[in-house]
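Scroll down for the structure; my scribbles are underneath it.
The values are calculated or read from the model by the stated rules, or taken from the named source; none is laboratory data. Because the structure is predicted, anything quoted here is derived from the model rather than measured. Because the Cβ atoms are built from the backbone with ideal geometry, glycine has one as well, and the counts that use them run over all protein chains shown. We work out accessible area using only protein heavy atoms, side chains counted, and drop any ligands, DNA or RNA first. Shrake-Rupley method; radii C 1.70, N 1.55, O 1.52, S 1.80 Å.
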Amino acid sequence: MKKVIVFYGSNEAFEKIIPSSYRNLSDVAMQLDDAGKITRMIHDIPGQEKIKPPKAKKPRIKDFVISADEYSSVQEHVIINFVDFMGKISVTNMFIQNPPLNVFQQIQRLFGRDNIIDIRYQQYKGVNTNLVRTINNEYNSRIVGQERVKRDILKALFPLVDDKQEKPVVVLFYGNSGLGKTETAQYISELLEGKLFRKQFSMYQNGEFANYLFGGRYNEKSFAKDLLGRDSNVILLDEFDKANSIFHSAFYQLFDEGIYEDQNYKVDVKHGIIICTSNYLSIDEVKEKLGAPIYNRFDAVIKFDELSDDAKVQIAADYLKEISENIPPELDKDRLFMLVKKLNNAREIQHLIRDSVSLIEIRKICEKEIQEY
């Protein structure tokens, strides 16, 4: 073995450092498994000379690549006994992405003394003064009606400017749905040039949530494994309030130090931005429902305000501009702007506009059918 590159990061970033031609774990494991089956099929026939199985040659592999997705595609014994597996092949260069702790420890035992292990981490774009200026100048055009939210976000992010602070900034957004909480997280992630890491906590029931948070078998998904493969250092824990409070302790070290561990993986999210959302309506409700241990770990708790009439009209106007090519001339915009003032959020406003446009087009189709009849 000439070199072992251990890489921690996303699939996209990993693909940039691996060679164009290689063999992967699944392919090699299948080859060895097939060879083992052939050997087992050769057996002694009573009364005849013993048949010796042919001496197996180690597959010679120049570039051996193990991606994070492959740990669940091979038999568990390959992962548990990784040293034995590597002893059955001859490899020149190995590239391995986000190895489980057990596998990494075995790699260290195998190659640590040879000084050929090169550990690399994906470099995420961080908060700088340009980002602060951009949010200040552009936020209101992306998320309408939340001027105070913009100021609070800038204050919360400032400790991360130019990596002054290592621990992640942890923020809770609260308020009614459809006011811009998730959109704000998406916007910040876009500015940092990465795909938002988003987990919808309402989708997990208690039993499966425990397995997901604390890790299970190698072929099962886990929060730590997904977090290792993130494309962005902006992490959205959507509907955080839906997670049972018995699981809050799993996030203490992540919020305090930027470290998350389960039985298979350890993740570093220092300099990150962790955004939790909830539909709580007041700070008192937040404190009561979440409790002091988790509440006190938020660097900022930011309320998204109900939309003013002017903000609702602005959202409607912006959306009409966005779908301008599909707006029929019969649409009464003045009446529409009056109607949107009775709605609560951007989602409802967009639904109203889409429904209004659809109704006009449906009427055209039906009237044409009647005329043709």
Cα-based shape type of segment 223-308, given that a ≥ b ≥ c are square roots of the gyration tensor eigenvalues and the cut on a/c is 1.5: prolate
Neighbourhood net charge (13 Å Cβ-Cβ; Lys/Arg +1, Asp/Glu -1) for K289: -3
GluC sites (Glu not before Pro) restricted to DSSP loop in segment 164-219 with at most 15 other C-beta within 10 Å: E166, E193
Entries in K164/K225; K167/K195; K16/K167; K2/K88 that, when Cα-Cα distance is taken, lie over 25 Å: K164/K225; K16/K167
Rounded Å value of the spacing that divides the Cα centres of segment 98-119 and segment 232-309: 33 Å
Among F197, S177, V161 - extreme Cα towards positive end, dipole of segment 152-199, charges at beta-carbon: S177
Backbone HN-Hα couplings from phi across segment 61-73 [Karplus 6.51/-1.76/1.60, Hz, Gly and Pro as x]: 10, 6, 10, 10, 10, 10, 8, 4, 6, 7, 4, 8, 9
Shape call, the chain: gyration tensor on alpha carbons, a/c limit 1.5: prolate
Computed lengthening from A210 to L32, 0.36 nm per intervening residue step minus Cα-Cα distance: 60.6 nm
For I302, distant residues with modelled amide H under 5 Å away: L172, F173, Y174
Computed [θ] at 222 nm, helices only, for the chain once each DSSP H run of length n ≥ 4 contributes -39500 (n - 2.57): -12500 deg cm²/dmol
Residue-normalised accessible area of the chain, given per residue in Å² at a 1.4 Å probe: 56 Å²
Trypsin sites (Lys or Arg not before Pro) restricted to segment 168-230 and DSSP loop, no more than 13 other C-beta within 10 Å: R217, K221
Segment D310-E285, length gained on full extension (0.36 nm per residue, minus Cα span): 6.2 nm
Cα-based Lys proximity count in segment 229-373, under 22 Å, for pairs eight or more positions apart or on separate chains: 18
R347 paired with K266, simple spin-label distance in nm, labels 7 Å along Cα-to-beta-carbon: 4.0 nm
Label zone at N128, where the point sits 7 Å out along the Cα-to-Cβ direction: segment 175-211 residues whose backbone N lies under 13 Å: 192-193
Probe 1.4 Å, all protein chains present, accessible-area order of D231, D299, largest first: D299, D231
Sparse-neighbourhood loop sites, GluC sites (Glu not before Pro) in segment 276-373 - DSSP loop, at most 14 other Cβ within 10 angstrom: E306, E330
